[in-house]
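K.L.:
Here it is: the structure, laid out below.
Any read-out appearing in this document is the output of simple, stated calculations on the displayed coordinates, not a laboratory observation. Worth saying up front: this structure is predicted, and the values here are computed from it rather than measured. Every residue, glycine among them, receives a Cβ derived from its backbone with ideal geometry; neighbour counts consider all protein chains shown.
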Ligand code: HEM
């Protein structure tokens, strides 16, 4: 087995058939092409290039509002881009096609390598080549003292190699050893982990779910985890609405701290949690530490204020709105919203509601209103001088028509067709009252904080974490492991093949072959040979043994030349 | 403390500038008399690829050997002074970064100015470490100091911000883990581009090209050793970068509720990762030429730069430190 992975090269041993099946041949060739490293490289590049539009164009999954803006700004281009999936690059057909091909290629690459590697792990290091002096590393130790038969020496060499954690086999007077299987092991672990990560992504999108919603403080606004309670929800294909874990949250407190510059310093939400089978408890969570509820995690995304507006109608009946006003990304939390009172002005005499006497207030909430007009923008994100700036409307709110409208905006159609009329505007500080033309009164009572939440469940997160860890470990093995082989041949004294050794000593010849790019191999080889030369126990006495290490000949010192060798010589050396 | 840090940055830029000028002088002197025979033999062992190794193929001028070696001595002196100034600049740079951190009472990675300051510091320190091991690469210092001057001046002029505490989103242990590893690996990748470019020039030179950029390579170390260094730096950095991205994903899970969401920074990290993986594959594949592989590494470096600067300027995402 070699480390060269250009698969097409393997085609060679295939025997020509008499009647080749064209289709089969085509398929086989395509498969070979697909699993070649060259194809994998090209696919990798395509993947990188394909990802670029995902960062240049707004993406639906990341910022749907920006996509809408883009449509408004580029009315001609946008629909065409949309057709090719440019606003959902990472879910588009072409992006998926590239990575699926890449992963097919990867599997086609891993499977044979895995088989080869398992085989390599089971086979013993191969026998020594005939001529060790042809190997990149070669050394001859002369004057190594031996008394007994050659066998004792091979055992000593083998012992030394084993001590250095080589995998060793002794054949006659030869010792073969190999080391660095970790490289290929790491490589396979790395690539298999990649597949596991992809699997994790798929699992997450099938079995995961997530929802976003807004939660105003106070028990009357508590939220329980059901599909209907989310303003936006994405639920995986294999998730049933009944699968959502039951729990309820009540926001009891929200803390935000800001620097004088307006830069936020701290956000913390405190909630009362009720979970099936567990006593109610209070928990705090913040931006970097979500609330973990077993099968769901709750993340704090943002916050704002919900003004409490109390309206007393012309018959003296009072209703209160506590609707959240939304911030528009403004750091000082200027927010916009509407307080609608569809069920007011019911005549106590008849008990009938007049659909044309509905009331709504639309406008801004400024946590820190400026001292002077214009009252259009807050000056600070906390409530230093809270005020609402509202426009009052009376008429038909258009809510009864059954057309679902936004709860954060008035139905502008009703305004433009005159069914809903503006009856004045005013700025109100906390506690201030505003008496309208018909004697009804609006009071700005105060505010309650709200938070925006994302609730998610991703069943694959553990798999992803574990496979990322494995990926990293495998990667290190693949990058820093080094496969190499050494052989030692011990020629006992008097053996004609060993040249002219002195009487009572033997000749040890060593060869080394780095199987991957490894410039330090020469040094390692030299050290190994020196250790073996010095370590071979000579029964004849220490005098001879001491000289053994010194008489190192051969090319062990020449290793540097190797780093300049053309690419791939090592890999091809087998 | 903050003002001190700013002054130190200015001094560091000056020191880099002097180092750069000394490197340029070394070049000028060295190329005027290109016959200096005694390049450190250890590095220049026969470069295999083009067959023409080392500086041997410079035309043998009959000039007086005394003059030659005097100019060679002077070139070497200039080179040493350049390294000295680089070390001084690194010390000032370190002091500037540390005082900034002390003034802010946190790690100095809270915004882009500080991030660039830290990355470029790591880059210089890593360069000095490489130089320590392989003194013969000294001439590459010209590229490096040039990059440093540009980078720091850019940071000082365009990116500078007053010290402020961290945004709530950045207050996490993962801040240190993720940002330090991203910074470290980015710095090593950036440094890796220096031998990569040098290799491409030198490789052309060794293949007999004698037009403008290639003549710069006359006195550079052998192409093969430059290529090797390129690989070592990238192979060293890649796992750290991988770790940094994973750490980022873990952090994103707790901060933004999802480990990966194709935010522009995430997208470009993915692109860089894929490109560098492509480089490592190309280099491990014998049939891909080494200069093709090296070009991939340079593309990788461009994607990193895009992520460090471009993404912050052109796109808005969760990483731009805006809002909650
Ligand atoms: C997402 C895509 C991939 C990434 C990020 C990736 C990453 C890596 C890395 C970092 C290495 C170590 C390089 C080295 O040992 O020098 C490696 C090795 C390798 N990869 Fe991949 N890989 C990917 C896809 C593939 C695919 C699709 C194939 C199969 C066609 C493949 C085949 C190989 C082979 C054969 C090696 C070993 C090279 C050697 O040991 O000399 N990889 N890969």
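K.L.:
May I ask you to derive the relative contact order of the range B:167-324, considering only C-alpha pairs under 8 Å and at least 6 residues apart, and to give it as an integer percent?
P.N.:
Numbers: 156 pairs, mean separation 43.8, N = 158.
Computed value for the range B:167-324: 28 percent relative contact order.
K.L.:
Report the FRET efficiency, 1/(1 + (r/R0)^6), for residue B:295 and residue A:429, where r is their Cβ-Cβ distance and R0 is 56 Å, rounded to 0.05.
P.N.:
0.25
K.L.:
So if R0 is 60 Å, what FRET efficiency would residue A:159 and residue A:466 give, r being the distance between their Cβ atoms, rounded to the nearest 0.05?
P.N.:
0.95
K.L.:
Could you give the alpha-carbon Rg of the range B:229-324 over 2.2 N^0.38 Å, rounded to two decimals?
P.N.:
Dividing the Cα Rg of the range B:229-324 by 2.2 N^0.38 Å gives 1.20.
K.L.:
Here's something else I'd like to know. Residues of A:287-296, mean number of Cβ from any other protein chain within 10 Å of their own Cβ, rounded to a whole number?
P.N.:
Mean inter-chain Cβ contacts per residue within 10 Å come to 3.
K.L.:
Could you check the spin-label model distance between residue A:354 and residue A:270? Points 7 Å from the Cα along Cα→Cβ, value in nm.
P.N.:
Between residue A:354 and residue A:270, the simple spin-label model gives 4.7 nm.
K.L.:
What length, rounded to one decimal in nm, is gained on full extension from residue A:114 through to residue A:527, with 0.36 nm per residue of separation minus their alpha-carbon distance?
P.N.:
145.4 nm
K.L.:
Give me the one-decimal Kirkwood hydrodynamic radius in Å for the range A:312-403, with the sum taken over alpha-carbon pairs.
P.N.:
Values: mean 1/r = 0.0677 Å⁻¹.
The Cα-based Kirkwood calculation yields 14.8 Å.
K.L.:
Here is a further query. What is the calculated FRET efficiency for residue A:281 to residue A:347, with r their C-beta to C-beta distance and R₀ = 35 Å, to the nearest 0.05? Each step should come with its number before you reach the end.
P.N.:
Numbers: r = 48 Å, r/R0 = 1.37.
E(calc), rounded to 0.05, equals 0.15.
K.L.:
Another question about this same structure. Ranking request for peptides A:71-84, A:292-305, A:53-66, B:229-242: highest mean number of other beta-carbon atoms within 10 Å first, then the rest in descending order.
P.N.:
Highest-to-lowest ranking by the protection proxy: B:229-242, A:292-305, A:53-66, A:71-84.
K.L.:
A further question follows. Rank-order A:164-171, A:135-142 by packing density, defined as the average count of other C-beta atoms within 10 Å over each peptide's residues, highest first.
P.N.:
Values: A:164-171: 16.0, A:135-142: 22.9.
The peptides rank, most packed first, as A:135-142, A:164-171.
K.L.:
Moving to a separate point now. So what's the range A:156-289 giving for Cα Rg divided by 2.2 N^0.38 Å, two decimals?
P.N.:
So the Cα radius of gyration is 2.01 times the expected 2.2 N^0.38 Å.
K.L.:
Between residue A:195 and residue A:96, what is the label-to-label distance in nm when each label sits 7 Å out along the Cα-to-Cβ direction?
P.N.:
2.1 nm
K.L.:
How far apart, in nm, are the 7 Å Cα→Cβ label points at residue B:28 and residue B:94?
P.N.:
Once both label points are built, they end up 3.2 nm from each other.
K.L.:
While we're here: What average count of beta carbons from other chains do you get within 10 Å of the Cβ of residues in B:234-241?
P.N.:
3
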